[in-house]
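Here's the structure we're looking at; comments come further down.
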Amino acid sequence: MFLTFFTELKASGVPVSLKEYLTLIEALDKNLANNSTGEFYYLSRAALVKDERNLDRFDRVFGHVFKGLANPGDALLAEIPEEWLRKLAEKHLTEDEKKLVKALGGLDKILEELKKRLEEQKGRHQGGSKWAGTAGTSPFGAYGYNPAGVRIGQDKNRNNTAVKVWDKRAFKDLDGTVELGTRNIKVALRRLRKFAREGAAEELDLPGTIRATARQGWLDVKLAPERRNTVKVLIFFDVGGSMDPHIRVCEELFSAARAEFKHLEYFYFHNCVYEGVWKNNRRRAAGRIDTWKLLHTYPHDYKVIFVGDAAMSPFELTHEGGSVEHWNEEPGLTWLARIAATYPNSVWLNPSSEKHWGYSPSINLVSRAFGGRMFPLTLDGIGRATRELAR
């Protein structure tokens, strides 16, 4: 059974190693799962998953391999904790009553029956043996008892017999192929962070202490400066026009970046960067920042991220006066080339669908200006961009 679990995890793309698998087997030999389905789930997840983005794949494989798995002895060990007594709808069954409760048997049959009853049920139900509700013996609901039930709406596990505990898949949005979210973006951006020792020696250096103690023969405590995030980031956001449908995802990216990077500066532009950018969209005309000044203010070790769909007339990139908002003295591509030369670690994130990029001359021009370092604004694209920036 466990070997099948291991091979199916690898087949699904979860990078689990043989060493991690043997660690799980060793933990099971020591009974760390305590004969509990739920504890076995968390134990195996802790041993086999090393990246949050793989948690959803793990849950799907777990549910497939251990389909219908329940704890055989839990139905005979029901005790009522004190907090249960505070729930008005709680129903306590005697051991004889529990033996009379019949499990439907089999996950497929349980889910099929649940679907049928939800279609038939018209309102809230409490204390019965059939409908999805509370404090009853129905296989569907909360704060009741059935040895093969599906828990619905309950804040936590009580009898440890629900066969669908792991199927809630709390991390399902962390898969790299699914919709973005602030937390997901944080996970992707975290790869870019680098830490260095800075400041006074005020943090315990455990490896150094161990080495010094072993060498001296007595306790020799060593301290080291605190490790701090040293990555510096500039982000330029395209605003207005065709970027309006992408406001939400840009806000999520901005929120995640502010949380992840201590040294972060941001600026706005429209379609392409010319001789000026701004930090306040309400004062974009009066509060412009000279691009030349910006290039000479932030050193070349900054990581630079442009966010925009690069959807514009090619003339906005190739000609003087091509901008739709003002008369630009120099073509947009000239400014993009200067930025790319000043900041070797620069990328462009594009929120539009990657499959359509080849049909847009402006997207191709911008991508070439950044040496092909244009990536889609997806979790996978952000991951590829951070690997490029980390070089």
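Between D301 and R215, what is the label-point separation in nm under the 7 Å Cα-to-beta-carbon projection?
2.8
Only Cα pairs under 8 Å and at least 6 apart count here; give the relative contact order of the range 289-367 as a rounded whole percent.
Numbers: 86 pairs, mean separation 30.9, N = 79.
Relative contact order for the range 289-367 comes out at 39 percent.
Between rounded, prolate and oblate, where does the range 325-391 land on the alpha carbon gyration tensor, with a ≥ b ≥ c its root eigenvalues, rounded for a/c under 1.5, else prolate if a/b exceeds b/c?
oblate
What's the carbon and sulfur percent of the range 312-386's accessible surface, probe 1.4 angstrom, rounded to a whole number?
The value for the range 312-386 is 56 percent carbon and sulfur by accessible area.
Which percent of Cα-Cα pairs in the range 1-73 sits in each 5 Å bin, short to long?
Per 5 Å bin, starting at zero, the Cα-Cα P(r) for the range 1-73 comes out as 3, 16, 30, 29, 16, 5, 1 percent.
Determine the per residue accessible area of the range 7-64 with all protein chains present and a 1.4 angstrom probe, expressed in square angstrom. If you can, show how the numbers build up before the last one.
Working: 3050 Å² over 58 residues.
Dividing the accessible area of the range 7-64 by its residue count gives 53 Å².
Just need the relative contact order of the range 331-382 here, percent rounded to a whole number, with Cα pairs under 8 Å and 6+ apart.
Computed value for the range 331-382: 45 percent relative contact order.
Accessible surface of R387 in the full protein assembly, 1.4 angstrom probe, to the nearest 10 Å²?
Looks like 120 Å² after rounding.
Which distance in nm do the two modelled labels at T342 and K262 give, with both placed 7 Å along the Cα-to-Cβ direction?
Each label point lies 7 Å from its Cα, and together they span 2.5 nm.
Could you work out how much longer the chain between E52 and N280 gets when fully extended? Use 0.36 nm per residue separation minus the Cα distance between them, nm to one decimal.
Fully extending the segment from E52 to N280 adds 78.6 nm.
Measure up K222/K303; K262/K303; K10/K355; K50/K222; K232/K279; K10/K303 against 23 Å on the Cα-Cα distance and list the ones that go over. Intermediate results must be reported in sequence, preceding the final value.
Details: K222/K303 34 Å; K262/K303 13 Å; K10/K355 29 Å; K50/K222 30 Å; K232/K279 18 Å; K10/K303 35 Å.
From K222/K303; K262/K303; K10/K355; K50/K222; K232/K279; K10/K303, over 23 Å: K222/K303; K10/K355; K50/K222; K10/K303.
Keeping all protein chains in place, calculate the accessible area per residue for the range 302-391 (probe 1.4 angstrom), answer in Å².
Each residue of the range 302-391 exposes 42 Å² on average to a 1.4 Å probe.
What ³J(HN,Hα) values, in whole Hz, does the Karplus curve 6.51 cos²θ - 1.76 cosθ + 1.60 give for the range 230-243 when θ = phi - 60°, with x put for Gly and Pro?
The phi angles translate into 10, 6, 10, 10, 10, 10, 10, 10, 6, 10, x, x, 5, 8 Hz.
If you roll a 1.4 Å probe over the range 229-305 with all protein chains in place, what percent of the accessible area is carbon or sulfur?
Heavy-atom surface of the range 229-305 belonging to carbon and sulfur, 1.4 Å probe: 50 percent.
Assuming 0.36 nm per residue, please report the length gained on full extension of the stretch R387 to T23 beyond their Cα-Cα distance.
128.0 nm
The values are calculated or read from the model by the stated rules, or taken from the named source; none is laboratory data. As the structure is a prediction and not an experimental result, all values here were calculated from the model. Heads up, the Cβs are rebuilt from the backbone with ideal geometry, glycines too, and the neighbour counts pull from every protein chain shown. For accessibility, only protein heavy atoms count, side chains too; no ligands or nucleic acids. Shrake-Rupley method; radii C 1.70, N 1.55, O 1.52, S 1.80 Å.
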